[in-house]
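Student: The structure is given below, and queries will be raised subsequently.
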Amino acid sequence: MARNRRSIDKAAIEHHYDLSNEFYELFLDPWMLYTCAYYRTPDGDLEQAQLDKMDLVCRKLRLRRGERLLDIGCGWGSLALWAAKHYGVEAFGVTLSAEQARYARAWIEREGLADVCRVEHRDYRDVDREDPFDKIAAIGIIEHVGVANYPAYFAEVRDLLKPGGLFLNHGITRHRHWRWTPQWQFLIENVFPNGELMHVSYINERMEEQDLEIIDVESLRGHYARTCRHWAERLRSNEKHAIELVGERAYRTWLLYLTSSSVNFEEGSINLYQTLASRPDPATRTVPTTREELYTVDRSAARLRALA
């Protein structure tokens with residue numbers, strides 16, 4: 001069963017993410033972030049919102065210089081690079097997409113960060129648990145895990161995390177009363193072959209059952225509606241080039257998927273939650289007792305990081 005699940009996950013990720021890096025460049029931001037952005041102003045642009053999202057993730061994880069960060073399902077390496085460059089951590093990212101891994105490794109070399117940042121084409125289940133991490137990020141992974149596999153997944157995360165360490169789960173959820181629709185059937189068949197959603201309370205309960213303590217939960221539903229809308233607009237503006245790269249059917253499929261996702265986030269049938277959890281350690285004060293430092297960050301400093 002485990003080997004079969006690995007094969008399913010690998011095939012699904014290759015189906016979706018190995019379409020071509022150039023195709024994704026047509027609608028993503030320059031940092032190649034393919035997850036919900038964080039808009040600090042209602043009319044904010046995608047580029048700055050994605051930089052602000054990475055900063056928000058790093059601040060929620062309370063990253064400190066010299067710590068070791070694992071990024072599960074790291075995509076094109078964006079967060080790992082950002083954390084290594086701006087927060088001084090040793091970042092390690094894993095992805096099941098060979099295309100993403102190649103892209104990330106070349107990017108790391110160009111940035112001169114190979115001594116503090118690496119990305120491998122590897123299953124997270126093959127990461128060495130004998131050398132656990134201070135912090136773990138999983139941005140947009142829970143959708144691919146499979147509901148039946150949540151207990152094993154969160155147990156693996158716990159074992160990869162040091163006592164007192166922090167884990168950020170950033171993922172799409174469904175409304176508790178959501179029902180299977182023809183639209184979801186289309187997405188499963190054409191976009192996300194292993195996609196499966198569950199409501200946030202169920203996910204967090206499975207986390208707690210694996211001895212991960214929930215510290216903070218935040219909904220970014222409105223942010224993801226705007227993100228998908230921006231992606232759809234950018235893809236539509238590059239229609240000709242997109243069709244040249246992937247063909248008209250794939251172009252129209254992705255345009256429909258991004259547009260319908262924006263509508264679904266807007267009306268609330270799906271959501272995006274960031275859940276911060278810790279591996280409890282009575283001897284460690286994991287996080288401050290308030291959220292204040294997350295939202296009173298010096299924005300001028302963040303702007304300088306964005307320009308770096």
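Student: Across region 16-39, what is the total count of residues that are more than 20 Å from Gly73 (Cβ to Cβ) and crowded, with 16+ Cβ neighbours inside 10 Å? Give the derivation first.
Tutor: Our first condition is that a residue be more than 20 Å from Gly73 (Cβ to Cβ); within region 16-39, this holds for 22, 26, 30, 39.
Narrowing the set further to residues that are crowded, with 16+ Cβ neighbours inside 10 Å leaves 26, 39.
Total satisfying the criteria: 2.
Student: Is it true that Leu81 is at pLDDT 95 or above, more than 25 Å from Arg234 (Cβ to Cβ) and among the aliphatic types (A, V, I, L, M)?
Tutor: no
Student: Same structure again: Contact list please: Cβ distance under 9 Å, first residue in region 108-119 and free of Cβ contacts under 8 Å to residues at least 24 places away in the same chain, second residue among the basic types (Lys, Arg) and surrounded by 14 or more Cβ atoms within 10 Å (Cβ to Cβ), pairs at least six apart or on different chains.
Tutor: Ala114/Arg105
Student: At least 1 residues that are within 18 Å of the chain's Cα centre (by Cα) and surrounded by fewer than 13 Cβ atoms within 10 Å (Cβ to Cβ) in each: list the helices (runs of 4 or more DSSP H) lying fully within region 185-304 that qualify.
Tutor: Numbers: elements: 200-209, 221-237, 239-246, 248-267, 292-295.
Qualifying helices (runs of 4 or more DSSP H): none found.
Student: Just to check your reading of the model, which residue among Glu239, Glu267, Glu248 is of a type outside the set (Ser, Thr, Tyr), more than 24 Å from Ile188 (Cβ to Cβ) and either out of contact with any strand residue (DSSP E or B) (no Cβ under 9 Å at 6 or more places or on another chain) or without any contact (Cβ under 8 Å) to a residue 60 or more places away in the chain (or both)?
Tutor: Values: Glu267 fails: more than 24 Å from Ile188 (Cβ to Cβ); Glu248 fails: more than 24 Å from Ile188 (Cβ to Cβ).
Just one listed residue meets the conditions, Glu239.
Student: Out of (1) in contact (Cβ under 8 Å) with a residue 12 or more places away in the chain; (2) more than 26 Å from Gln100 (Cα to Cα); (3) among the acidic types (Asp, Glu), the odd one out for Glu205 is which?
Tutor: (1)
Student: Next up: Cβ-Cβ under 6 Å, sequence separation 6+ or interchain: first residue in region 281-297 and at pLDDT 80 or above, partner surrounded by 13 or more Cβ atoms within 10 Å (Cβ to Cβ). Which pairs?
Tutor: Pairs found: Asp281/Pro163; Asp281/Gly164.
The values are calculated or read from the model by the stated rules, or taken from the named source; none is laboratory data. For clarity, every value in this text was computed on a predicted model and none was experimentally measured. Quick reminder, even Gly has a Cβ in these numbers, built from the backbone with ideal geometry, and neighbours come from all protein chains shown.
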